[in-house]
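Since every read-out is calculated from the coordinates, none of them should be taken as a lab result. What you are looking at is a predicted structure, and each value in this text was computed from that prediction instead of being measured. Cβ placement follows ideal geometry from the backbone for every residue including glycine, while neighbour counts extend to all protein chains displayed.
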Ligand SMILES: Nc1ncnc2c1ncn2[C@@H]1O[C@H](COP(=O)(O)OP(=O)(O)OP(=O)(O)O)[C@@H](O)[C@H]1O
């Protein structure tokens, strides 16, 4: 599905990604974890065309996308849900979600049919279609953002730290919403700072440290990896639990 090889990218004169290889299998939920500043969000920005890589290849279903525009990446079926709250607070849930489809679909009837379909996967769409987005909880807002991304019927959804800034009670909402994206037919590539959450939800995982892949495997393998804590905390803390609380 997504095949990244030898990816180098950075900002100004600084290289942040230094030869990243990553395979995202079709139908998977793949999670990238790693310490602050490892370059996790930079991987997503490079895939979505917001940042031009210096070197390397990003192929989606065999089509080379490295260095192309965000519009080209979108047309290839890859949609990114941004890290920051990107809903229009005064618009309703329904209008926020419908806006996600305006790029591709012109007919209001088609958009509304798709909305009704998505309400089956994301219950908030059916329960509170007329609520202003600003009146929802953080977890509910994130769910509406996911549903908006699904308006385009993407092949791949990129999630940049979906739990960022949310209270622990919202984690179950986000978990259900990521599963809804997945059951709606999207392959999911997510970046997550909450390692326990990310590895519990994903089926494949990659650990990035200082712009390089240091571990990759099934999420269960990464969870059980005895060196995982070294990546996050340094060898000095050997003996503490592998997954930070
Ligand atoms: N627009 C930018 N301009 C310059 N430097 C940037 C920019 N965006 C990110 N960086 C730097 O690139 C490095 C990697 O950032 P990135 O956001 O990819 O890391 P991350 O692994 O997602 O970290 P975090 O978990 O803290 O979000 C950091 O040192 C960051 O300061």
Normalise the Debye intensity by I(0) for segment 31-131, one equal point scatterer per Cα, no solvent, then take log10 at q = 0.15, 0.18 Å⁻¹ and round to two decimals. -0.81, -1.00
What number do you get for segment 46-105 when its Cα radius of gyration is normalised by 2.2 N^0.38 Å, N = residues? 1.36
Alpha-carbon centroids, segment 1-59 and segment 131-177: separation in whole Å: 22
Under the rule a/c < 1.5 gives rounded, and otherwise a/b versus b/c splits prolate from oblate, where does segment 116-170 land using the Cα gyration tensor? oblate
In nanometres, the difference between 0.36 nm per residue of separation and the alpha-carbon distance of residue 21 and residue 137 is 38.1 nm
Listed residues 116, 167, 203; largest mean-square fluctuation, Gaussian network over the chain with Cα springs below 10 Å, found at 167
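Normalise the Cα radius of gyration of segment 96-209 by 2.2 N^0.38 Å (N = residues in it) and let me know the number.
Numbers: Rg = 14.3 Å, N = 114, 2.2 N^0.38 = 13.3 Å.
Dividing the Cα radius of gyration by 2.2 N^0.38 Å gives 1.07.
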What is the fewest-to-most order of 1, 99, 151 by other Cβ atoms lying within 10 Å of their Cβ? 99, 1, 151
Regarding the chain, what is the average projected area of its C-alpha convex hull, in nm²? 13.2
